[in-house]
Each structure stands twice: as C-alpha cells, then as structure tokens.
Amino acid sequence: MNEPIKHSIRERFTVLIFDNKQSGSAYLSTIICELINQNNQWDKHTCLGLATGSSPILFYAALVKEYKSQNVSFENVYSFNLDEYYPIQNNSPESYHHFMNEHLFDHVDMPSDNIYIPDGELPSDKVEEGCQKFENRIKALGGLDVQILGIGRNGHIGFNEPGSSIETTTRLVEIHETTRRDAGGAFGNLENVPHQALTMGVQTILSAKSIFLMAWGSGKAEIIKKAIEDNITPEVPASYLKNHNNVTYLLDQAAAAELNI
Ligand code: GLP
C-alpha cells in the first residue's frame, strides 16, 4: 500500500492524504484492528463509535476482510453508532440499523448485546430516557476509544447540524434541509426522508479518546477546507473537532484539493 502524504498542520491534529478512498479505508481498518488486538491482549474491551453514510462503506468492507482472514475478532468490542433517523423502523431498508447490519454486523463476530444504535422506534415519551441511557452506557464502559466520522456537505457530524452547541449530548434533533435532500436518493424521494433524527451530541463525540474523520471526493473539498482551516464556529459543527487533541482526517486528493497545505 502507498503511504499517505502526512501533514501535521498543528500538533493537535493530523491530515492524511491518500491516492484514493480504498487505500485510506484500508489504512484506517489496519489502525482499528491493531487497537482491538492490543486491547484483547490485555483482556480489555474496545469501544468503537461508528458512523454511517457512504464514506465508511469501504472501511467496513476492509474490517470484514480482516475478520474473515482471522486477523481480528470483535468478540470483545462494543459499538455505539452516531445516529439514527426518527422515527424509523429498525428493519426498514433506509434505517442505519439496516445499514450497519448489511455492511458490518452480519459479517463479524461482535455479540449483538454489544451493539448500541440510537433507537428510532422509541415512542416520543421515551426518547429522552433512551438518549440518557445511551450516554450512560458509553460512560459505564469507560468511554469511546475511537469515534469514526464522516462529514455532511454543510459541516454536520452525526446529525449535529449547523447551529449545534459544543455542549450537546445524545438527543432528538431536526434534520437540516440540505441533509434531507442529500438523503433523498436513499429514501426514494425527499418527502420520505424523516425530519428528525437521534444523534450523539458534539460533546459525546469530543469525549472519544481519538477521532478519525473520513472525506472522499471533490464534493467534500469546500467543507473540509472550512472545517480544518477556518475558525471554530457552530455554523460548521466539524470545526469543533479542533478542540480535541487527537483527530486524524483521512482524505483523498479530491477532498484535500482546497487545503493550503
Ligand atoms: C449523514 C450521516 C452523517 C454522515 C453524513 C455524510 O447525514 N448522519 O453521520 O457523516 O451523512 O454522508 P456521506 O458519507 O454519505 O457523505
């Protein structure tokens, strides 16, 4: 595998630029498998914060390949997904539950009891309690070792849309119209896209010990530049990642094209 071009813009975060998303995804999968294997050696569990969307698909494929080659086991891994539409049936093809089963959980040995995804089936009077339980479970397991992220074209992370505060935790939110339009394809048309979602908050994400954000393709170049080079602002929630001391951005050449590095 070609080594990525590495830029440490400041000491607090790293930008890795790959020839293509295949090599970036394989690289991230190697890092995550090493972490899991290291923790397994010490009899420690691993807590992964996972993401959906098109960006992590090849990363999950690479993890599945490592599992099938017997290079890693997920028996002692816990996973917490960033978000889920609300309301939605878990078994509906557009749900993030379905996405995660299809791309990862159906193919590896992670115990189903170790899998946490915000529950789009909760009745509205149980949503707050459900979000609190989700947060409590992360804390009870010692926090997220890693949070995997994609980025929305408007700078959202999870479903923390522009305007989200840095103090937010897991909660019910309104989905931005740009984001709903971007999801229109998956739902057949815009009208079918839910207006709300459950998402980990910015604070939840920032509490992870390390964060990896993947962005591929020219469609992400402008927002990547804003998130990395401009000042921190609630208008670009991904810019909050600058408050964290262990963030790695994995980009292909097209997504990195507008960076001044
Ligand atoms: C959705 C998800 C985000 C994801 C984003 C980007 O809105 N809620 O977590 O990062 O889409 O998606 P993609 O990777 O398909 O560009």
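When both bridge partners sit in region 165-261, DSSP labels roughly 45% of those beta bridges antiparallel. Taking all Cα-Cα distances within region 80-208, those exceeding 26 Å account for 17%. When the alpha-carbon atoms of region 162-237 are used, the pair Rg, Dmax equals 14.0, 38 angstrom. Charges were assigned to the Cβ only: +1 to each Lys and Arg, -1 to each Asp and Glu. The resulting dipole of region 111-228 about its Cα centre is roughly 500 debye.
Report the relative contact order of region 43-157, percent, no decimals, based on alpha-carbon pairs under 8 angstrom and at least 6 residues apart. It would help to have the intermediate numbers written out before the result.
Details: 146 pairs, mean separation 41.5, N = 115.
Once normalised by length, the contact order is 36 percent.
Annotated for region 119-261: lysine pairs at least 8 residues apart or interchain, Cα distance under 27 Å, count 11. When a/c reaches 1.5 or more, the comparison of a/b and b/c decides; with that in mind, is the chain rounded, prolate or oblate per its Cα gyration tensor? Rounded, since a/c falls under 1.5.
What value in Å³ per residue do you get for the convex hull of the alpha-carbon atoms in region 21-147?
Values: hull volume 12.2 nm³, N = 127.
It is 96 Å³ per residue.
For region 1-119, what is the charge dipole size about the Cα centre, in debye to the nearest 20, if Lys and Arg each add +1 at the Cβ and Asp and Glu each add -1 at the Cβ? Walk me through the numbers before you get to the answer.
Numbers: 7 positive and 15 negative charges, 99 e Å.
Taking the Cα centre of region 1-119 as origin, the dipole is about 480 debye.
Considering only Asn192, Gly130, Gly163, the residue lying farthest towards the positive end of the dipole of region 106-198 is Gly163, judged by Cα position with unit charges set on Cβ.
Relative to the Cα centre, what is the charge dipole magnitude of the chain, using +1 at the beta carbon of each Lys and Arg, -1 at the beta carbon of each Asp and Glu, and rounding to the nearest 20 debye?
Values: 20 positive and 33 negative charges, 130 e Å.
Dipole of the chain, to the nearest 20 debye: 620 debye.
Its Cα gyration tensor gives region 1-76 an equivalent ellipsoid; the semi-axes, largest first and in whole Å, are 23, 16, 12.
The three principal axes of the Cα atoms in region 127-195 give end-to-end lengths of 40, 23, 22 Å, sorted in falling order. Listed peptides 203-211, 218-226 appear in the order 203-211, 218-226 once ranked by packing, highest mean of other Cβ atoms within 10 Å at the front. Hey, what number do you get for the chain at 222 nm if only DSSP H runs of n ≥ 4 count, each worth -39500 (n - 2.57), divided across all residues, to the nearest 500? My calculation for the chain gives -9000 deg cm²/dmol from helical runs alone. Measuring between their Cα centroids, region 215-261 and region 96-162 lie 23 Å from each other.
Read-outs throughout are calculated quantities, based only on the coordinates presented, and are distinct from any laboratory measurement. Quick caveat: nothing in here was measured; it's all calculated off a predicted structure. Using ideal geometry, Cβ is built from the backbone for each residue, glycine included, and neighbour counts are taken over all protein chains shown.
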